[in-house]
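Notes for the one structure printed next.
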């Protein structure tokens with residue numbers, strides 16, 4: 001019991017009392033168990049990583065660039081690549097507005113530190129990405145939460161009502177494409193209105209876009225940043241389109257905020273890996289990304305459709321879901337008497353299959369989310385998806 | 001002027017008003033200018049990076065480990081390597097106490113978030129590492145600062161007097177070996193006393209040790225962590241002994257704090273690059289590090305001695321310095337009427353040579369530091385060191 005005593009003796013920052021074990025971290029451990037078939041996390045498919053071409057790029061960088069392993073300022077050629085990449089999403093920006101990060105999560109964290117005061121206010125949705133909740137937790141903010149329509153996204157009427165009623169949040173947090181966990185992409189009309197509200201009320205929007213390049217029907221609509229270049233702070237990442245282990249992402253922000261972000265970033269981790277910045281840039285120089293994205297979309301579409309078909313085949317008719325056009329997840333509504341957290345325990349114990357229960361994405365317990373679950377389709381082969389959904393259906397049937 | 005207007009319109013977190021341009025960031029830009037001979041930053045020598053063996057390790061990992069580019073839990077074999085590395089410094093710890101970070105700066109940042117409340121109190125030295133100051137800035141803490149003896153390190157008498165006089169800082173920050181910027185390593189007696197004070201007053205010490213493996217006389221004394229395993233939170237890094245661009249470091253902390261640190265880390269950047277963790281581990285598996293450290297110490301000793309000799313040759317006798325036994329810097333005291341910041345401007349403009357002025361390391365202007373400078377000897381060849389010191393002496397002579 002000595003260790004427990006110690007934690008009590010060392011006086012920690014007050015907010016740390018609110019720390020609860022991370023659902024993601026726990027699921028990362030469960031998912032790492034070889035006996036578990038996991039739909040829990042947003043892991044990309046490791047077998048689709050462009051390992052060979054990435055290895056070539058890494059070897060090239062190490063052989064030719066004597067500063068590849070040194071502290072270095074942000075790598076301008078990578079910033080230039082990102083400008084071109086953003087143009088494909090309908091976003092026009094300049095290199096000077098691109099700020100390199102160690103992934104999207106760091107982007108969220110840096111922007112939160114830039115914008116939010118302790119005890120400040122935030123406007124977001126009722127169901128939200130767990131990593132965002134973790135980032136704001138030390139600030140113990142007041143959270144205004146609006147609901148999310150499963151067809152059109154965030155309740156922008158409610159956003160407008162709150163802003164008109166004198167709410168002045170430090171920022172609005174939005175996942176415009178493939179909302180996590182609800183998998184909805186915001187309608188064009190709502191995008192335009194939300195960007196206009198940000199302008200009218202001078203409230204910044206932190207737009208988190210890890211999935212926008214992973215679309216399976218028509219290309220994703222332009223993100224909010226395409227409709228406003230002053231109030232929309234965009235977060236992008238190579239984690240889902242290239243590989244998470246590289247830890248490289250980016251922000252698109254107004255140029256005058258870059259020096260402040262640079263100071264915050266430096267206090268966090270000095271700088272983003274020079275080596276991975278340059279290796280990604282070399283990979284992009286070689287022109288591999290467009291083909292890789294086509295391959296990813298092709299394979300993930302198959303996996304999505306396999307999962308949709310398996311849900312149809314194995315699940316009872318009172319279970320409901322929608323076909324997501326983007327992203328890595330399907331949001332499933334179980335019958336209202338099913339507690340998804342309890343089902344998860346049974347599913348792991350009896351069928352060795354895991355998912356994220358809806359309540360993992362709520363600030364407080366949420367009646368609707370309590371009988372929902374998020375299923376990932378990117379990280380299992382179609383055969384495993386079929387097998388896993390069958391198992392999950394058995395767990396549900398025996399529940 | 002549009003950009004300026006925008007920054008004023010967007011309401012930023014209050015603490016960001018205290019952000020000043022980072023001296024390090026500015027110097028990184030100056031040092032990147034090809035015409036400048038820079039002694040300003042703590043950059044290791046790029047030409048000594050083990051690029052070939054590291055490239056072999058990277059290629060091996062990518063060819064053999066299908067999860068090398070995936071999100072993954074901390075890599076246990078690397079934690080085991082770190083346990084063995086710490087034993088060489090006289091520190092005995094277990095894998096469960098090793099927490100992997102994206103470098104020492106992130107280690108400082110995570111521990112600060114774990115321990116410090118906004119407006120809390122910190123005990124440190126008057127002259128301190130700029131990156132630490134940046135980390136605590138958003139907390140706007142009260143800082144108690146004790147002086148540093150240039151032969152024996154931190155004024156531990158003063159630390160004791162403050163603690164006895166009811167000071168209860170959230171933590172004490174110490175760079176035990178090769179204090180940055182003063183280059184002194186703490187005496188054994190002070191190490192033992194300071195560790196005992198931490199125990200007696202139940203105040204944690206954050207021990208920042210980027211340089212302990214880089215000694216040029218006898219091996220460094222054991223760090224504080226060797227004398228207490230409950231109150232000393234140790235920060236290590238591969239940046240100076242392998243390469244900064246890998247962004248991998250570690251903490252040694254009591255085991256029961258690991259879950260809380262994991263949540264804070266996840267909110268910051270999800271996890272430390274799986275790829276670089278595994279590549280470093282493969283590099284260490286291959287047994288390359290001991291020989292590399294011998295080579296680093298050999299070459300850095302030559303550079304240190306070259307700089308000491310050049311100072312003796314070119315500088316007037318009223319300029320003073322000590323021979324550092326560890327680390328990457330020499331601390332130089334100029335005549336008291338010389339303002340080092342003004343000298344820096346002249347040195348860059350007239351002689352294209354740069355250094356860090358002492359005041360960059362102070363919270364407020366500091367009479368002593370104002371006529372001091374920190375010179376780095378690791379990042380220039382002996383020929384460039386000789387040339388740079390001659391130039392600097394000319395700048396001083398013409399000042």
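None of the figures in this text is laboratory data; all of them are computed from the coordinates on show. Here the structure is a predicted model, which means the values were calculated and not measured. A quick note on method: Cβ atoms are made from the backbone with ideal geometry, for glycine too, and the neighbour counts reach across all protein chains shown.
Just B:40, B:267, B:68 to compare: in a GNM of chain B, with alpha carbon springs under 10 Å, which one fluctuates most?
Greatest mean-square fluctuation among the candidates belongs to B:267.
What ranking of A:292, B:371 emerges when the number of other C-beta atoms within 10 Å of each C-beta is taken as an exposure proxy, fewest first?
With the fewest neighbours first, A:292, B:371 line up as A:292, B:371.
Counting only DSSP beta bridges with both residues in chain A, what percent are antiparallel, rounded to the nearest 5?
Bridges in chain A that DSSP calls antiparallel: roughly 55 percent.
Mind checking Rg over Rh on chain B, alpha carbons, Kirkwood formula for Rh?
Result for chain B is an Rg/Rh of 0.96.
Place a label point 7 angstrom from the Cα of residue B:48 along the Cα-to-Cβ direction, then list the residues of the range B:297-311 whose backbone nitrogen is under 17 Å away.
B:297-309
For the protein assembly as shown, what proportion of DSSP beta bridges, expressed in % and rounded to the nearest 5, is antiparallel?
The antiparallel proportion sits near 55 percent.
Taking every pair of alpha-carbon atoms in the range B:260-399, what share in percent sits in each 10 Å bin, from 0 to the bin with the longest distance?
Per 10 Å bin, starting at 0, the Cα pair percentages come out as 11, 31, 23, 19, 15, 1.
For the residues B:240, A:190, B:323, what sequence is obtained by ranking on other C-beta atoms within 10 Å, fewest first?
Ranking B:240, A:190, B:323 by Cβ neighbours within 10 Å, fewest first, gives B:323, A:190, B:240.
With springs only between Cα atoms under 10 Å, which of A:180, A:376, A:109 fluctuates most in a Gaussian network model of chain A?
Comparing A:180, A:376, A:109 in the GNM, the peak value goes to A:109.
Report, to two decimal places, the Cα Rg of the range B:169-237 normalised by 2.2 N^0.38 Å (N = number of residues).
In units of the 2.2 N^0.38 Å rule of thumb, it is 1.04.
Going by how many other Cβ atoms sit within 10 Å of their own, how do B:12, B:115, A:194 line up, fewest first?
Ranking B:12, B:115, A:194 by Cβ neighbours within 10 Å, fewest first, gives B:12, B:115, A:194.
Just to be sure I understand: with springs between alpha-carbon atoms less than 10 Å apart, which residue in B:38, B:336, B:185 has the highest mean-square fluctuation in the Gaussian network model of chain B?
Among B:38, B:336, B:185, the largest mean-square fluctuation in the Gaussian network model of chain B belongs to B:336.
How long is the gain from residue B:144 to residue B:341 if the chain were fully straight, where each residue apart is worth 0.36 nm and the alpha carbon distance is subtracted?
This chain segment gains 68.4 nm when fully extended.
How high is the relative contact order of the range A:170-290, in percent, counting Cα pairs under 8 Å that sit 6 or more residues apart?
20 percent
Distances over 49 Å make up what percent of all Cα-Cα pairs in the protein assembly as shown?
17 percent
Using a basic spin-label model with each label point 7 Å from the Cα along Cα→Cβ, how many nm lie between residue A:384 and residue B:387?
Roughly 5.6 nm, to one decimal.
For the range B:52-285, what are the per-bin percents of Cα-Cα distances with bins 5 Å wide, up to the bin holding the maximum?
Taking every Cα pair in the range B:52-285, the percentages come to 1, 6, 14, 19, 20, 16, 11, 7, 3, 2, 1, 0.
Tell me the Kirkwood hydrodynamic radius of the range A:192-297 in angstroms, computed as one over the mean inverse distance between distinct C-alpha pairs.
15.7 Å
Using a simple spin-label model with points 7 Å from Cα along the Cα→Cβ vector, what separation in nm is obtained for residue B:29 and residue B:320?
3.6 nm
Let me check I have the definition right: for the range A:87-225, take the eigenvalues of the Cα gyration tensor, multiply each by 5, take square roots. What are those semi-axes in whole Å, largest first?
Semi-axis lengths for the range A:87-225 are 22, 19, 15 Å.
By the gyration tensor of its Cα atoms, with a ≥ b ≥ c the square roots of the eigenvalues, what is the shape of the range B:252-306: rounded for a/c under 1.5, prolate for a/b over b/c, or oblate?
Prolate.
Nearest 0.05, what FRET efficiency do residue A:188 and residue A:297 give at R0 = 22 Å with Cβ-Cβ as r?
Efficiency for this residue pair is about 0.60.
When the helices in chain A are scored as -39500 (n - 2.57) per DSSP H run of 4 or longer and the sum is shared across all residues, what 222 nm value do you end up with, to the nearest 500 deg cm²/dmol?
That comes out to -13000 deg cm²/dmol.
Given the range B:52-285, what percent of its DSSP beta bridges are antiparallel, to the nearest 5?
Antiparallel: roughly 40 percent of the beta bridges in the range B:52-285.
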